[in-house]
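Everything below concerns the one structure shown next.
Nothing in this text is a laboratory measurement; each read-out follows from the coordinates by a stated rule. Since the structure is predicted, the reported quantities are computational estimates derived from the model, not experimental observations. In this analysis, Cβ positions are derived from the backbone assuming ideal geometry, glycine residues included, and neighbour counts consider all displayed protein chains.
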Amino acid sequence: MREEALPYRKAGPVSATAIDPILEHSIMTLPISLTTLRYVTDAHGQKTDVLVPLATWEALLASWKRLMEMLEDHEDQAILREWLQKRAAGEAETITLEELERELIAEGLLPGSG
């Protein structure tokens, strides 16, 4: 069994938002994986379906899941940065802990106190 090395990355500055090495490896090998797809055609020769090997499908799902997590993290960070800027400018809306608790109970996100 041959071990596959991760793709070579040129030296240079790497930002905090750089692509995750595992995701980068998945993206780099995706074209290779897609060569294993098989197409189903109808009587007229038109492609109707695609058969994807299970290993390729699982790799795609894992890559998509990691990508979605990274996008959600990025979005959460952007929301926090925006709120911190508003707070620094004195424009942030705040509520008391008691108000937050009432809202969470009203929305069914926190059990109420009977």
Task: 5 angstrom amide H check on Leu110, placed H, neighbours 5+ away - done: Ile105
Task: Phi-based couplings in Hz for region 101-111 (Karplus 6.51, -1.76, 1.60; Gly and Pro marked x) - done: 4, 4, 5, 5, 5, 4, 8, x, 8, 9, x
TODO: Determine, for Ile95, Ile105, the number of other Cβ atoms within 10 Å of each Cβ, and report the residues in order from fewest to most.
DONE: Ile95, Ile105
